[in-house]
1. Can you tell me which residue within segment 117-129, out of those that are of a type outside the set (K, R) and open to solvent by 60 Å² or more (accessible area, probe 1.4 Å), is farthest from F17 (Cα to Cα)?
2. Could you look through segment 68-116, keep only residues that are part of a loop (DSSP other than H, G, I, E, B) and among the small types (G, A, S), and pick out the one that is surrounded by the fewest Cβ atoms within 10 Å (Cβ to Cβ)?
3. Under 8 Å between Cβ atoms, at least 6 apart or on separate chains: pull out the pairs that start in segment 214-225 with a residue that is free of Cβ contacts under 8 Å to residues at least 40 places away in the same chain and end on any residue that is open to solvent by less than 10 Å² (accessible area, probe 1.4 Å) and not hydroxyl-bearing (S, T, Y).
4. For segment 130-144, how many residues are farther than 22 Å from L191 by Cβ and either open to solvent by 50 Å² or more (accessible area, probe 1.4 Å) or modelled with pLDDT of 95 or more (or both)?
5. Among the residues of segment 160-176, is there at least one that is of a type in the set (A, V, I, L, M, F, W, C), under 26 Å from Q216 (Cβ atoms) and surrounded by 13 or more Cβ atoms within 10 Å (Cβ to Cβ)?
6. Open to solvent by less than 90 Å² (accessible area, probe 1.4 Å), touching a residue at least 12 places away in the same chain (Cβ under 8 Å) and within 18 Å of the chain's Cα centre (by Cα), is that true of F151?
7. Of the residues that sit in segment 177-225 and are among the β-branched types (V, I, T) and over 12 Å from L155 (Cα atoms), which one is surrounded by the most Cβ atoms within 10 Å (Cβ to Cβ)?
8. Is there a residue being touching a helix residue (DSSP H, G or I) at 6+ places or on another chain (Cβ under 8 Å), open to solvent by less than 50 Å² (accessible area, probe 1.4 Å), modelled with pLDDT under 90 and within 30 Å of F145 (Cβ to Cβ) anywhere in segment 31-42?
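The values are calculated or read from the model by the stated rules, or taken from the named source; none is laboratory data. Since this is a predicted model, take the numbers as computed values, not measurements. Note that each Cβ is placed from the backbone with ideal geometry, even for glycine, and that neighbours are counted across all protein chains shown. Heavy atoms of the whole protein, side chains included, go into the accessibility calculation; ligands, DNA and RNA do not. Shrake-Rupley method; radii C 1.70, N 1.55, O 1.52, S 1.80 Å.
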Amino acid sequence: MVTIIHGNDPVTSRKFFLDQKDKDSVTFDAEALELSELELSLQGSGLFGSTKKVFIENLFTRKGSKNIETIAKYLESTIDSPVYIWADKELPAKSISPFKKPEIQNFKIPSSIFSFLDGLRPNSQQNLASFHTALSGTEPEIIFFMMIRQFRLLLGIGNESNNNIDEIKRLAPWQKGKLLRQASLFGTNKLKEIYGLIYKIDKSQKTGASNLTLTQDIDILLLEI
């Protein structure tokens, strides 16, 4: 059975992917993988006829997808073990189509997070209330990840030189208009200041330098903006 794990919530989907692993699992990076290497590795691990789990990453990237149909056919016809394939984005049906009847795990970001991000305003007490509403349905790491993206877009959308950034080019006109209106409420200098504070939180959380939880750090940030 092939299970494809994807969605616009890469933090939760990644956690699900990793939670399926055990000490006997084998993992492959599709970007650096040739079918012959996959066959040799699986044969060498004695996986045929076994119940060991196979994990594949980066199969749906530009580089990794070059052999997707060949790999899909091989996995479907040869491997009896459970196969888990993870993508860090939401996949269209066309991308999944090379696989015959895979199990799909689609992890979506709760709408309350988008409401929180779209509603962020300077000097607004509602920021904190909306954050905790969003927090009731997900993890703070996911919200923080989305906050980083939101303020990156707000900084980029108001700078014409950044319109060539792929993430901004992919936005629909209505999305650009909404971001422009939100960015104008903060102003460029304030957005730079906030982005700097977000960077400090990210660094301190990753290095263990902060004595606060991520939720507490975000609470303080929202009170300061």
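1. N123
2. Checked segment 68-116; the qualifying residue surrounded by the fewest Cβ atoms within 10 Å (Cβ to Cβ) is S97.
3. L221/I194; L221/I198
4. 6
5. No, that holds for no residue.
6. On the way: open to solvent by less than 90 Å² (accessible area, probe 1.4 Å): yes; touching a residue at least 12 places away in the same chain (Cβ under 8 Å): yes; within 18 Å of the chain's Cα centre (by Cα): yes.
So F151 passes the test.
7. I218
8. yes
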